[in-house]
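The values are calculated or read from the model by the stated rules, or taken from the named source; none is laboratory data. This one's a predicted model, so the numbers in the text were calculated from it and none came from an experiment. FYI the Cβ positions are ideal-geometry reconstructions off the backbone, even for glycines, and counts take in every protein chain you see.
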């Protein structure tokens with residue numbers, strides 16, 4: 001039986017896997033100890049659970065358990081990476097390279113670093129969402145200390161060429177950080193093979209709980225250190241103080257273990273469903289996929305339906321939870337900065353929907369979605385003056401619009 | 001953000017979608033907004049010369065649910081009014097009727113502008129001066 005509403009916004013967050021919840025539950029009450037309590041069994045039990053989770057996380061990304069710093073989520077991990085590296089390596093240089101399509105956690109942390117004297121280069125990707133490696137290398141100066149480029153984009157799912165980027169960083173002796181929030185647990189991410197020095201990720205994007213994430217910090221070749229941004233008891237090798245969120249960490253560990261065992265098969269299943277959804281929706285006239293189709297996360301597609309406004313479209317498919325690059329709800333009325341960075345017209349950015357499939361998405365849900373999106377696009381085009389003008393052969397760019 | 005019942009009703013059952021003959025002497029057309037801003041409204045009125053009443057009104061809108069509802073409501077209100085009465089339709093009345101939240105007030109502003117632009121288009125066709133908008137929206 002099809003249950004409504006349908007959740008296709010798995011890039012925003014994922015539901016918890018019941019196996020994760022089950023693993024976490026004892027750590028809320030009977031095993032409630034503080035992992036830093038060294039002198040009684042309550043503390044030891046909690047510490048054991050954290051150690052075990054650290055191994056589970058490390059196994060997923062192929063690192064040592066000692067290289068995992070638990071945080072409250074990817075936003076904190078991003079802040080710790082950018083600000084922590086900038087403060088730790090300030091004597092070496094003050095230049096950071098990132099991209100305009102990064103998550104706000106990276107962009108805003110970079111802005112703060114700029115206020116403290118950092119120089120930041122923001123690379124603009126091509127129409128496919130990929131950054132130009134020559135441009136990246138050309139941007140490196142003798143002051144460059146960090147390159148931060150996300151693994152897979154949250155809005156369009158485009159996967160950057162991480163091994164090539166890290167090779168460039170290594171060649172110039174620059175640290176490489178990646179925000180891999182959307183990639184870890186979805187596709188194989190191997191910090192050794194990928195040459196990553198620091199990596200942010202979060203539990204709630206991979207069927208774990210909200211409020212917990214991690215920063216991978218390399219310990220060998222090179223040994224990387226970050227200046228803590230949260231000071232207190234010196235937890236997490238002094239890089240992130242604060243009593244450990246034991247149930248959350250247990251949940252992250254379990255989510256990583258499940259992902260390690262299942263993500264390859266899951267990716268095959270999800271990409272087949274995603275491709276079907278995409279193929280069907282592209283039969284709609286004037287519908288376009290945003291970003292690279294070849295280099296993309298298996299569960300995401302971002303499609304613009306021209307002459308229809310995204311928020312209006314979402315209202316037409318109210319039983320389907322998706323998200324839009326339209327920013328009709330924001331005071332600025334600015335559409336998605338990621339889509340704009342690809343060189344999309346504002347109009348196309350306003351017309352986009354992002355579909356994020358997940359572990360619990362069914363074929364039946366995809367069928368329902370295909371039908372309802374088609375109907376809603378038809379209905380809204382019937383009432384769209386732009387569609388009428390397009391059908392009359394009027395070039396919309398030639399119209400003198402009365403902008404507000 | 002949840003939509004009000006009235007916005008949902010207008011969205012699901014939009015009143016007066018359509019197109020009037022914009023070259024007709026008795027039809028005034030207002031096209032406002034811009035695709036880049038995510039809102040375009042086209043509102044048209046047809047005036048009965050003998051009575052001076054707006055006998056028909058049609059709209060088409062590219063925009064969010066609140067923009068669609070604002071223009072749909074505007075066409076309902078326009079029908080049966082004189083042109084002078086129609087000029088008095090204020091965006092805040094639309095905000096109130098549809099319970100629009102602050103971030104959606106611009107949708108009502110756009111609808112008011114569409115009404116005024118349509119009326120001016122009609123006035124110019126009839127050899128009258130366009131009416132200056134005293135409100136500063138942009």
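Is one or more of the residues making up segment A:153-163 in contact with a helix residue (DSSP H, G or I) (Cβ under 9 Å, 6 or more places away or on another chain), part of a strand (DSSP E or B) and crowded, with 24+ Cβ neighbours inside 10 Å?
no
How many residues, within segment B:88-122, are modelled with pLDDT under 95, surrounded by fewer than 18 Cβ atoms within 10 Å (Cβ to Cβ) and assigned to a helix (DSSP H, G or I)?
3
Considering only segment A:377-392, how many residues are in contact with a helix residue (DSSP H, G or I) (Cβ under 8 Å, 6 or more places away or on another chain) and outside any helix (DSSP H, G or I)? Don't jump to the end; show me each part of the working.
First, the residues of segment A:377-392 that are in contact with a helix residue (DSSP H, G or I) (Cβ under 8 Å, 6 or more places away or on another chain): A:377, A:379-381, A:383, A:386-387, A:389-390.
Next, only the ones that are outside any helix (DSSP H, G or I) stay: A:383.
So the answer is 1.
Would you point out which residue out of A:184, A:226, A:192 is closer than 21 Å to residue A:96 by Cβ and touching a residue at least 60 places away in the same chain (Cβ under 8 Å)?
Numbers: A:184 fails: closer than 21 Å to residue A:96 by Cβ; A:192 fails: closer than 21 Å to residue A:96 by Cβ.
Going through A:184, A:226, A:192 in turn, the sole match is A:226.
Does any residue in segment B:17-30 that is within 13 Å of residue B:122 (Cβ to Cβ) and within 11 Å of chain A (Cβ to nearest Cβ) come within less than 6 Å, Cβ to Cβ, of a residue that is modelled with pLDDT under 95 and part of a loop (DSSP other than H, G, I, E, B) six or more places away or on a different chain, and which pairs are these?
So the pair list comes out as B:29/B:22.
Do we have residue A:263 as over 21 Å from residue A:55 (Cα atoms), part of a helix (DSSP H, G or I) and either in contact with a strand residue (DSSP E or B) (Cβ under 6 Å, 6 or more places away or on another chain) or in contact (Cβ under 8 Å) with a residue 24 or more places away in the chain (or both) here? So that I can check it myself, show each step before the final result.
On the way: over 21 Å from residue A:55 (Cα atoms): no; part of a helix (DSSP H, G or I): yes; either in contact with a strand residue (DSSP E or B) (Cβ under 6 Å, 6 or more places away or on another chain) or in contact (Cβ under 8 Å) with a residue 24 or more places away in the chain (or both): yes.
No, not satisfied.
Out of the residues in segment B:31-85 that are part of a strand (DSSP E or B), in contact (Cβ under 8 Å) with a residue 40 or more places away in the chain and within 9 Å of chain A (Cβ to nearest Cβ), which is nearest to residue A:340 (Cα to Cα)?
Restricting to residues being part of a strand (DSSP E or B), in contact (Cβ under 8 Å) with a residue 40 or more places away in the chain and within 9 Å of chain A (Cβ to nearest Cβ), the top hit is B:39.
Looking for something out of contact with any helix residue (DSSP H, G or I) (no Cβ under 6 Å at 6 or more places or on another chain), outside any strand (DSSP E or B) and closer than 30 Å to residue A:216 by Cβ - is there at least one such residue anywhere in segment A:339-346?
Yes: one or more hits.
Go over the candidates A:126, A:117, A:93 one by one and state the one that is farther than 14 Å from residue A:81 by Cβ and touching a residue at least 60 places away in the same chain (Cβ under 8 Å).
Details: A:117 fails: touching a residue at least 60 places away in the same chain (Cβ under 8 Å); A:93 fails: touching a residue at least 60 places away in the same chain (Cβ under 8 Å).
Matching residue, one of A:126, A:117, A:93: A:126.
Please go through segment A:314-349 and give me each residue that is facing chain B (nearest Cβ under 7 Å) and either at pLDDT 90 or above or under 18 Å from the mean Cα position of the chain (by Cα) (or both), ordered by number.
Hit for segment A:314-349 is A:315, nothing else.
Name the single residue, out of those in segment B:2-16 being facing chain A (nearest Cβ under 9 Å) and not in a helix (DSSP H, G or I), that is nearest to residue B:121 (Cα to Cα).
Once the filter is applied, the top-ranked residue is B:14.
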